[in-house]
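The values are calculated or read from the model by the stated rules, or taken from the named source; none is laboratory data. Keep in mind the model is a prediction, meaning the values are calculated, not measured. For neighbour counting, all protein chains shown are included, and Cβ atoms are generated from backbone atoms with ideal geometry for every residue, glycine included. Side chains included, ligands, DNA and RNA excluded: accessible areas come from the protein's heavy atoms. Shrake-Rupley method; radii C 1.70, N 1.55, O 1.52, S 1.80 Å.
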Amino acid sequence: PEPVVDYRLAFQLTLGAMVILGLLFYWNRKLGRLNRQLAAANDRLAFLSVTDDLTQIGNRSYFDQEFGKIFRWCQRNHTGFAVAMVDADHFKIINDTYGHDAGDQCLIALAGIMRDHFRRDTDHLTRFGGEEFVIFTSFDDRGELVSRLEGFRAGLARQNISYNGQQIRFTISIGLAIGTPDKDTAPAEFLRLADNALYVAKQNGRNRLEILTTRNSN
């Protein structure tokens, strides 16, 4: 006798297989979506870990992470390296006169104008602490870099920061260390010179840029 095909059983098995495949497809898509969300969350956490909460530029962790990398790249490629230390002039007076919220608005404005003048991929902006900021970058044209720093300084000096109906103005002093590092140059030398140049800017009346060149630069 010919075998009898149980079409009902075949249909049920086929339907069951289709349901299982559909569930696998659904869970695979859901898992992919969850993985993408997790990756995005991890990227966001990584960004926040190196970003200053107030100004939304790099924080001290970002500086520690990137400063040595950029310096060594310039060292290997015999490219100019520059470090600018930026400090808000008489900032305590702003905080004492208008309050710390007003001071925060001033720092946000400072960071915004800094971003306007230093938006290249090679420009790295950090809030070093309090009202002190550090810019570090590679460069080919010294004059062009100095011009951008002067534009940043002058642009901030012209800016009115509005706070509770009051207009606040303040200035910055900038100390720039600049040079082409050779194999014997240490990154700490650039930081030391930038700090010294900032001190000179403060001593010479503030609201100015002072420049020092590294001793071992090519």
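Of all the residues in the stretch 183-218, those that are over 17 Å from F133 (Cα atoms) and among the small types (G, A, S) number 3. Pairs meeting the criteria (first residue in the stretch 153-164 and part of a loop (DSSP other than H, G, I, E, B), second residue exposed (fewer than 14 other Cβ atoms within 10 Å of the Cβ), beta carbons under 8 Å, at least 6 apart or on different chains) are Q159/R169; N160/Q167; N160/R169.
Return the residues of the stretch 34-55 that are surrounded by 10 or more Cβ atoms within 10 Å (Cβ to Cβ) and modelled with pLDDT of 80 or more; say none if nothing qualifies. Hits for the stretch 34-55 are V50, T51, D52, L54, T55. What about E132, is it open to solvent by 40 Å² or more (accessible area, probe 1.4 Å) and within 27 Å of G80 (Cα to Cα)? In short, yes. Taking residues in the stretch 128-152 that are at pLDDT below 95, and partners anywhere that are surrounded by fewer than 15 Cβ atoms within 10 Å (Cβ to Cβ), the pairs with Cβ atoms closer than 9 Å and at least 6 places apart or on different chains are F128/R60; G129/R60.
Exactly one residue out of A102, A109 is farther than 21 Å from L198 by Cβ and either crowded, with 18+ Cβ neighbours inside 10 Å or hydrophobic (A, V, I, L, M, F, W, C) (or both): that is A102. Any chance the stretch 172-188 includes a residue that's under 18 Å from T137 (Cα atoms), in a loop (DSSP other than H, G, I, E, B) and small (G, A, S)? Yes, the stretch 172-188 has at least one match.
Considering T214, T185, the condition of being free of Cβ contacts under 8 Å to residues at least 40 places away in the same chain and buried (at least 20 other Cβ atoms within 10 Å of the Cβ) is satisfied by T214 alone. Residue count for the stretch 117-129, restricted to those that are open to solvent by 30 Å² or more (accessible area, probe 1.4 Å) and within 26 Å of G205 (Cα to Cα): 4. The numbered conditions (1) small (G, A, S); (2) crowded, with 19+ Cβ neighbours inside 10 Å; (3) touching a helix residue (DSSP H, G or I) at 6+ places or on another chain (Cβ under 6 Å); (4) more than 17 Å from T214 (Cα to Cα) are all true for G151 except (2). Taking first residues from the stretch 112-127 that are under 11 Å from R148 (Cα atoms) and partners that are charged (D, E, K, R) and assigned to a helix (DSSP H, G or I), the Cβ contacts under 8 Å between residues at least 6 apart in sequence or on separate chains come to H117/R148; F118/R148. Against the list (1) farther than 16 Å from R115 by Cα; (2) of a type in the set (A, V, I, L, M); (3) surrounded by 12 or more Cβ atoms within 10 Å (Cβ to Cβ), the condition L145 fails is (1).
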